[in-house]
Amino acid sequence: MKSIIILSGKGGVGKSSIAASLAVAFSKDRKIVCADCDVDASNLSLLFSLSTDKYKEWAPLSTNQIAVVDKNKCIGCKKCIDECYFKALEFKDNIPKVSEFGCEGCGACELVCPKKAIKLKDIDNAYIGYADTGYGFKISSAQLLPGNSGSGKVVFEVKKKAREIEPKAELIIIDAAAGIGCPVIASVTGNDYAVLVIEPTPSGYSDMLRALEIVDHFKINKGIIINKYDINKKFSEKIESFAKKSNIDIITKIPFDISFVKAMTEMIPIIKYKKAYEKLFEGIKEKISDRLD
Amino acid sequence: MKIIGITGGKGGTGKSTVATALAFELSKDHKVLLVDADVDCPNDHLLLSIKRKQIKTVRQRIPYFDTGKCTKRGVCGKVCRTNAIVSIKGSNPIFMENQCNGCGACRIVCPSGAIRWESKGIGRIFSGKRDSLDFLSGELKTSQPISEFIVDHLNEETEKVRQNYDYIIIDTAAGTHCPVIAALENADKIIAVTEPTPLGAHDLEIILQLLERMKKKGSIIINRSDIGDKNLIVSLANKYGKKIIFEIKFSKDVITSYSKGEPILIPDICSIIK
């Protein structure tokens, strides 16, 4: 089973739109499955017209624990407060109080408490599930509950889920979150190929370089798609010469097209919305296939 | 003094465009500090062509294993919940520095006092200026997982100078998890920038739920309001009792300025803080 990750660093440059259409293109000749690893803002399934009520499964998930203090056992020694590196404990009314957002569930407080007054307790921090896209393949997806932490671990669960729902899949297509932190690192590790989507702006370029460092850290083969390349052709050329110098494939250049927004609003992958994109995504598929096999 | 957080959930909806345009315009008549708290992918300095100067290295503690003292009992790895330590009875622990969040559980359980603290650099804090606008920015070192540590340090630096300003504008990362929450912690008022697409609406709803949990005041800006389906956002605003305070029409000029690193002018943008 091979896997491809789509990432960009910067948000809103077209990761999900490209991932959705690429999945449709690949599904014609391989058994594929999608994994939406943007668990902060899970959007990929929306491009297949799927809201969570259309999911085959959508259930609470616990990948996190938080500290709970037993006030009958606590002697108020404050050792836990001194130990907490995340400043998630506060001494209030003679008892340590666990803050709503700060607790990482590391367990240091539990270990240091002389009276065993602190226990870690599982909490549901996300929903996870899967759906049939209606395009001949399935998608796994999760949504972190607002204000919860542990997105990296939830990402691992989404990747695991994709393999569970389609054990015979030949290819997994993964859509990453914006950024380069914990959830993106968890998404990138273990892939066979990375597609870096970039728009020709100083921000898009700078963020792509940071995403590239993550890809290189894991020594993953990669290529670049320049999206909306014609909004600044000079900058596009700069990116192309960077890619050439660094020996990175430019997979394709996609012009700015308002149809992307229209397709998104109608919740249809652009490849099915506008005929011209069939050829474009076929081409992208061919190029990536060459590198993959 | 007012602290305004600019967020939105979905990436690329125009958070940085709004934050930089607002801060730049406001700074003509007020003392303003712009804080770029998107430490994964900081871009505000690019949008305003600010040359940043590093003022601080952010370090995080990590354990150092004294192999002379280690009795190879294999207990430290058992308590490490980030899987940064692999310890097998009879051998020295193997430590994967990048995965460590510095929680200290290993040091508490070590029976032989073989673990002491060292530190690793995980990011940097910068300052800068554009005309009369002051600027702070944080940047996570690549391959380091914990963005919110950098945001915490950025908050500390902001706290030191906050009395000097009429307004502090904080630009957050995309998403809804830890670094976004940390960036919004001190905000008096939060503005969610969204776009009228099903994806924009979906992510906006999560941000609005987060604001409820954080008990923060918030309002909405619709960017590219003339493409897509505005009703998606209007119905969410009604559902959560939030006002749509501003709309920005789609414009190729904005994209062009953006792609050149020129400050973007959004007429009347300062009206959103009234």
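Quick look at the values:
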quantity: Test set (1) over 13 Å from the mean Cα position of the chain (by Cα); (2) touching a residue at least 60 places away in the same chain (Cβ under 8 Å) - B:Arg116 fails condition number; calculated: (2)
quantity: Members of region B:18-37 found to be over 20 Å from the mean Cα position of the chain (by Cα) and either part of a loop (DSSP other than H, G, I, E, B) or buried (at least 24 other Cβ atoms within 10 Å of the Cβ) (or both), listed by number; calculated: B:Ser27, B:Lys28, B:Asp29, B:His30, B:Lys31
quantity: Per-region count, region A:262-285, residues within 14 Å of another protein chain (Cβ to nearest Cβ), outside any loop (DSSP other than H, G, I, E, B) and more than 22 Å from the chain's Cα centre (by Cα); calculated: 2
quantity: B:Ala183 vs. criteria away from every other protein chain (no Cβ under 11 Å), touching a Lys or Arg at 6+ places or on another chain (Cβ under 7 Å) and modelled with pLDDT of 95 or more; calculated: no
quantity: Region B:216-230 - residue that is of a type outside the set (Val, Ile, Thr) and away from chain A (no Cβ under 14 Å) and, of those, farthest from B:Ile191 (Cα to Cα); calculated: B:Lys217
quantity: Region B:231-244, subset exposed (fewer than 15 other Cβ atoms within 10 Å of the Cβ) and not in a helix (DSSP H, G or I), residue farthest from the other protein chains (Cβ to nearest Cβ); calculated: B:Lys243
quantity: Failed item, numbered, when B:Asp40 is tested on (1) crowded, with 20+ Cβ neighbours inside 10 Å; (2) touching a helix residue (DSSP H, G or I) at 6+ places or on another chain (Cβ under 7 Å); (3) more than 14 Å from every other protein chain (Cβ to nearest Cβ); calculated: (3)
quantity: Residue match in region B:186-201 (condition: under 19 Å from the mean Cα position of the chain (by Cα), closer than 14 Å to B:Ala37 by Cβ and within 11 Å of another protein chain (Cβ to nearest Cβ)); calculated: no
quantity: From A:Ser241, A:Ser259, A:Ser236, residue being of a type outside the set (Phe, Trp, Tyr), more than 15 Å from A:Gly14 (Cβ to Cβ) and either over 24 Å from the mean Cα position of the chain (by Cα) or modelled with pLDDT under 95 (or both); calculated: A:Ser241
quantity: Failed criterion for A:Ser140 (all others in (1) more than 30 Å from A:Ser17 (Cα to Cα); (2) assigned to a strand (DSSP E or B); (3) polar (S, T, N, Q) hold); calculated: (1)
quantity: Residue selected from region A:197-222 under the condition small (Gly, Ala, Ser) and out of contact with any helix residue (DSSP H, G or I) (no Cβ under 7 Å at 6 or more places or on another chain), by the criterion nearest to A:Gly179 (Cα to Cα); calculated: A:Ala211
quantity: Top-ranked residue of region B:43-72 - restricted to ones that are surrounded by fewer than 15 Cβ atoms within 10 Å (Cβ to Cβ) and more than 32 Å from the chain's Cα centre (by Cα), ranked as farthest from B:Ile122 (Cα to Cα); calculated: B:Thr71
quantity: Residues of region A:205-259 satisfying the condition of being within 12 Å of chain B (Cβ to nearest Cβ), crowded, with 18+ Cβ neighbours inside 10 Å and either charged (D, E, K, R) or not in a helix (DSSP H, G or I) (or both); calculated: A:Asp207, A:Arg210, A:Asn227, A:Lys228, A:Asn232
quantity: Every residue from region A:74-85 that is surrounded by fewer than 22 Cβ atoms within 10 Å (Cβ to Cβ) and without any contact (Cβ under 8 Å) to a residue 40 or more places away in the chain; calculated: A:Gly76, A:Cys77, A:Lys78, A:Lys79, A:Ile81, A:Asp82, A:Glu83, A:Tyr85
quantity: Pairs with Cβ under 7 Å, 6+ apart, first in region A:87-106 and surrounded by fewer than 21 Cβ atoms within 10 Å (Cβ to Cβ), second among the hydrophobic types (A, V, I, L, M, F, W, C) and assigned to a loop (DSSP other than H, G, I, E, B); calculated: A:Ile95/A:Cys74; A:Val98/A:Ala88; A:Ser99/A:Ala88; A:Gly102/A:Phe86; A:Gly102/A:Ala88
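So that you can scan it fast, the table gives a plain yes or no per residue for (1) within 16 Å of the chain's Cα centre (by Cα); (2) surrounded by fewer than 23 Cβ atoms within 10 Å (Cβ to Cβ); (3) more than 8 Å from chain B (Cβ to nearest Cβ):
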{"residue": "A:Tyr130", "(1), (2), (3)": "yes, no, yes"}
{"residue": "A:Phe137", "(1), (2), (3)": "no, yes, yes"}
{"residue": "A:Phe156", "(1), (2), (3)": "yes, yes, yes"}
{"residue": "A:Pro167", "(1), (2), (3)": "no, yes, yes"}
{"residue": "A:Ala194", "(1), (2), (3)": "yes, no, yes"}
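The values are calculated or read from the model by the stated rules, or taken from the named source; none is laboratory data. Note that the coordinates shown come from a computational prediction; the quantities given were computed from them, not determined experimentally. In this analysis, Cβ positions are derived from the backbone assuming ideal geometry, glycine residues included, and neighbour counts consider all displayed protein chains.
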